[in-house]
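The values are calculated or read from the model by the stated rules, or taken from the named source; none is laboratory data. Computed from a predicted model, the values in this text were never measured in an experiment. Every residue, glycine as well, gets a Cβ built from its backbone with ideal geometry; the counts of neighbours run over all protein chains shown. For accessibility, only protein heavy atoms count, side chains too; no ligands or nucleic acids. Shrake-Rupley method; radii C 1.70, N 1.55, O 1.52, S 1.80 Å.
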Amino acid sequence: MKTWLMVGLAGVLALAISGLGSAQATYPDGTELRLLQWSHFVPRYDDWFDTYAAEWGAANNVRVTVDHVNITEIAATMAAELDAGSGHSLIEATTSPAVFIANLHDLSDINAEAAQRFGEQHGFCQRNSYLPAADKYYGFVNTQVANAGIYDIALWTEAGYPNGPASWAELLEGGRAIYENTGVPVGIGLSPEPDSEMAVRSALWSFGGSVQDENGQVVLNSPQTIAAVEYLAQLQNEAMTAEVFGWGVPSNNQALIAGDVSFILNPASAYRSLQTVDEMAAAGIGFTAALAGPAAALTGTQALTFVIPKYVEGDELAVAKQFILDHTANYSDAHYYSELYNLPCFPAMVPQMADWLDDDPFGSQPADKLAAFQTVGEWSANLGYPGYNNPATAQIYSENILPNMVARVALGELSVADAVAQAHERIEAIFAHWRGLGMISG
Amino acid sequence: MNLLGLGKYPLDNRRLIGALFLTPALLYILLLVGFPFVLSIAFGFSDVTVGNTDLSYVGFRNFLNVWENDIFRQVFETTIRFTLLSQIFILIFANILAVIFTQDFTGKWFARFIFILPWATPVSLAMIGWLWMLDTKYSPIDYLLLQMGLLGRGGLLSDNRNLFWLAAPDLAQISVIFVQVWRMTPLATVILMAGLSSIPTDILDQAEVDGSRFMRTLLQIKLPLILPIMVIALLFSMITMFGDMTVVYVLTRGGPVDYTRVLGLYSFQVGIEGGNLAQGAAISLFAFPLLLAMAIFMLRTASRAEVR
């Protein structure tokens with residue numbers, strides 16, 4: 001109750017501040033803001049966002065409409081609208097929108113203003129909104145979604161790891177023992193879908209491999225990548241079922257709710273779903289930070305990028321920019337109403353985050369279940385790590401090259417060396433294409 | 001008033017009426033088939049992206065890059081394999097069902113109505129239904145097999161509680177072909193039924209008088225007579241399937257690995273989701289010569305059969 005009151009007061013205060021801030025910028029009658037959002041995995045967030053947007057519109061004399069589409073449809077919808085030259089004023093992209101840069105407004109101004117007003121932004125968020133080859137901010141990122149390790153406490157305690165696995169080596173050892181003894185597998189997707197994309201990258205980076213280096217040069221085919229792929233194939237063969245080759249967007253939730261998995265990589269959403277259907281079972285779930293590998297402990301982070309299409313002009317453009325800044329100023333609410341799923345790219349904007357993670361306002365037992373996310377900034381990495389997200393990293397993601405590379409080895413279709421070489425060759429061709437168009441430096 | 005000087009009334013003018021009747025179809029073909037087709041050729045020879053639609057000519061570069069891509073060649077082969085395999089089953093089932101549905105039996109109209117549903121249902125909606133039927137964890141098929149003791153520890157089919165219809169490579173391919181056959185068979189059946197109904201009854205009466213039995217009438221009279229129509233049904237079905245991406249987009253997104261990835265899906269993933277519109281167009285254009293050759297061959301076959 002106390003928390004609700006605190007958030008309510010904070011929300012009222014923030015709205016009042018944003019209202020005051022916009023006193024000199026109340027817009028002419030008829031000004032519109034059309035928002036395109038993905039349908040959030042945590043329904044409470046969409047309820048809050050829609051209400052917030054409507055109230056924000058009323059305070060600023062702006063007619064606001066919010067449309068939600070499935071997460072997998074955002075890229076296609078955005079492509080259609082940008083090509084048509086009409087559509088939404090503000091879009092929250094769920095995959096890297098760098099490829100659309102020619103049709104997006106430069107948001108250097110609000111990125112600079114945000115740096116002044118909101119403090120330091122996580123580097124992995126910035127690397128999903130700035131393209132060095134064009135020296136342009138094509139977007140603005142205030143939200144990151146990070147995958148933590150989620151494990152069944154009873155099973156892992158029995159296997160000798162009461163706090164869950166801390167490393168990829170422990171995941172293999174413990175996961176295999178659990179699978180052999182109980183038939184309950186590990187569930188890390190190796191399939192053409194977003195969670196698998198992030199999971200494979202997490203292992204790759206933790207073993208010291210990556211698709212590109214800091215300068216945008218392809219470096220996939222390396223001993224580190226080969227070790228990571230070999231590891232994941234072994235993990236699949238010894239601790240997972242064939243189900244992971246058909247993993248889909250809802251699979252983490254399904255597996256956790258069915259109680260048919262010992263470990264998954266996911267943000268808080270799968271656990272929140274379990275909470276709503278079986279609180280007892282949810283109490284038996286634990287969270288770990290990114291698993292440590294031989295080189296690092298990193299996990300794939302989805303940075304959600306606000307972009308404004310170039311066809312948006314005049315007051316509508318000013319409105320869209322103001323909405324982004326005000327939304328960031330209200331990020332405590334965004335974090336809270338996403339049930340701590342959305343994590344801030346500007347940590348200073350959510351001073352309550354540490355308290356909420358230690359004492360979950362949504363009834364976790366024990367209350368500090370989500371405390372692993374306290375250090376999320378240290379173990380998150382963007383899609384193009386250690387470099388910037390760019391059109392090539394986005395195409396590699398959409399073609400599912402990395403999970404397929406691992407799956408080929410796990411299924412015995414190719415040797416590790418051949419699978420990595422094949423993926424490297426395709427990735428080099430993709431980089432060469434985009435480099436030729438001036439979208440990647442070097 | 002005689003508009004063209006070719007008849008007493010405008011509506012008596014066969015050339016005018018012909019042109020009027022053809023205009024909607026021509027407009028449809030020009031706007032919804034011809035224009036996108038020409039556009040995709042232009043895209044295929046350019047460096048266009050979803051973010052920048054300025055066209056700069058790059059020659060055959062996109063086609064060469066696509067052809068050098070191992071994944072594309074696998075996808076191309078998968079598309080041909082899926083199309084051919086499903087056509088065999090569609091042809092067999094459509095013929096059997098067309099014969100059944102042209103017989104007289106109680107409840108024929110209801111049976112026809114039920115049978116046509118897979119084709120009449122919006123494909124995305126139907127695929128969501130199949131997605132659940134074939135779900136890796138909650139598949140009702142798996143549940144029944146589990147209850148029958150065929151799945152689970154010591155089960156005849158698998159020790160697992162699930163068969164992983166859309167995750168195991170062989171089962172995923174079988175599932176996609178099965179769903180395509182389920183979806184396309186009604187259309188082929190309806191076309192064949194129309195063909196069977198159009199056979200003059202005097203030919204069939206004569207055959208009966210001459211003592212021809214059911215199978216002989218079917219194999220030596222009915223099927224040869226409806227061969228041109230059968231070829232048309234096959235052509236419709238093949239072209240629809242070759243270009244389809246909805247089934248695999250909803251069911252597997254091309255997985256596991258690339259086992260169910262077909263040209264339409266790959267073109268979409270590279271061109272729209274990946275932003276590389278030029279290569280996406282080039283991928284889709286690889287289907288054109290093959291489909292054109294197939295269409296010419298089949299239409300000639302139909303035409304020859306008709307002449308005979």
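When restricted to residues that are surrounded by fewer than 20 Cβ atoms within 10 Å (Cβ to Cβ) and under 18 Å from B:LEU223 (Cβ atoms), region B:167-190 contains 1.
Identification of strands (runs of 3 or more DSSP E) wholly contained in region A:240-337 with 1 or more residues that are within 14 Å of another protein chain (Cβ to nearest Cβ) yields A:263-266, A:299-307. For region A:92-136, a residue qualifies if it is surrounded by fewer than 24 Cβ atoms within 10 Å (Cβ to Cβ), closer than 24 Å to A:THR77 by Cα, among the hydroxyl-bearing types (Ser, Thr, Tyr) and at pLDDT 95 or above, and exactly one does: A:TYR130. Filtering region A:158-192 to residues that are surrounded by 21 or more Cβ atoms within 10 Å (Cβ to Cβ) and within 14 Å of chain B (Cβ to nearest Cβ) leaves A:PRO185, A:GLY187, A:ILE188, A:GLY189, A:LEU190, A:SER191, A:PRO192.
Checking each residue of region B:284-294 against the condition of being more than 17 Å from the chain's Cα centre (by Cα) and surrounded by 16 or more Cβ atoms within 10 Å (Cβ to Cβ) gives at least one match.
Conditions (1) among the aliphatic types (A, V, I, L, M); (2) modelled with pLDDT of 95 or more; (3) within 26 Å of B:PHE63 (Cα to Cα); (4) open to solvent by less than 10 Å² (accessible area, probe 1.4 Å), marked per residue:
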| residue | (1), (2), (3), (4) |
| --- | --- |
| A:ALA372 | yes, yes, no, no |
| A:GLU378 | no, yes, no, no |
| A:VAL406 | yes, yes, no, yes |
| A:VAL409 | yes, yes, no, no |
| A:VAL420 | yes, yes, yes, yes |
| A:MET439 | yes, no, yes, no |
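Within region A:212-239, if we keep just the residues that are within 14 Å of chain B (Cβ to nearest Cβ) and under 23 Å from the mean Cα position of the chain (by Cα), the residue that is surrounded by the most Cβ atoms within 10 Å (Cβ to Cβ) turns out to be A:LEU232. Selection of region B:136-157 for residues being in contact with a Leu (Cβ under 7 Å, 6 or more places away or on another chain) and on the phi > 0 side of the Ramachandran plot yields only B:GLY152. May I ask you to list the residues in region B:134-145 that are away from chain A (no Cβ under 13 Å), among the aliphatic types (A, V, I, L, M) and open to solvent by less than 60 Å² (accessible area, probe 1.4 Å)? Once the filter is applied, which keeps residues that are away from chain A (no Cβ under 13 Å), among the aliphatic types (A, V, I, L, M) and open to solvent by less than 60 Å² (accessible area, probe 1.4 Å), region B:134-145 yields B:ILE141, B:LEU145. Residues in region B:61-77 that are within 11 Å of another protein chain (Cβ to nearest Cβ) and touching a residue at least 40 places away in the same chain (Cβ under 8 Å) were compared, and the one that is surrounded by the most Cβ atoms within 10 Å (Cβ to Cβ) is B:VAL66. Evaluate the following for A:TRP356: is it within 18 Å of A:SER206 (Cα to Cα) and open to solvent by less than 40 Å² (accessible area, probe 1.4 Å)? No, not satisfied. Residues in region B:49-58 that are more than 10 Å from every other protein chain (Cβ to nearest Cβ) and either within 32 Å of the chain's Cα centre (by Cα) or of a type in the set (D, E, K, R) (or both): 0 in all.
When the helices (runs of 4 or more DSSP H) confined to region A:352-442 are screened for residues that are more than 9 Å from chain B (Cβ to nearest Cβ), those reaching at least 3 such residues are found at A:353-358, A:376-379, A:401-410, A:416-436.
Name the residue that is farthest from B:ALA167 (Cα to Cα), counting only residues in region B:208-265 that are open to solvent by 20 Å² or more (accessible area, probe 1.4 Å), within 14 Å of chain A (Cβ to nearest Cβ) and hydroxyl-bearing (Ser, Thr, Tyr). Per the criteria, the residue is B:THR246. All of (1) farther than 22 Å from A:ALA270 by Cα; (2) buried (at least 23 other Cβ atoms within 10 Å of the Cβ); (3) among the polar types (S, T, N, Q); (4) over 18 Å from the mean Cα position of the chain (by Cα) hold for A:ASN400 with one exception: (4).
Of all the numbered requirements in (1) surrounded by 13 or more Cβ atoms within 10 Å (Cβ to Cβ); (2) farther than 18 Å from A:GLY246 by Cα; (3) at pLDDT 90 or above, B:LEU131 misses one, and that requirement is (2).
So, of the residues in region B:46-60 that are free of Cβ contacts under 8 Å to residues at least 40 places away in the same chain and not polar (S, T, N, Q), which turns out to be surrounded by the most Cβ atoms within 10 Å (Cβ to Cβ)?
Result: B:LEU55.
Kindly indicate the residue of region B:266-280 that is in contact with a Ser or Thr (Cβ under 8 Å, 6 or more places away or on another chain) and open to solvent by 10 Å² or more (accessible area, probe 1.4 Å) and also farthest from the other protein chains (Cβ to nearest Cβ) among those meeting that condition.
So the residue we want is B:SER267.
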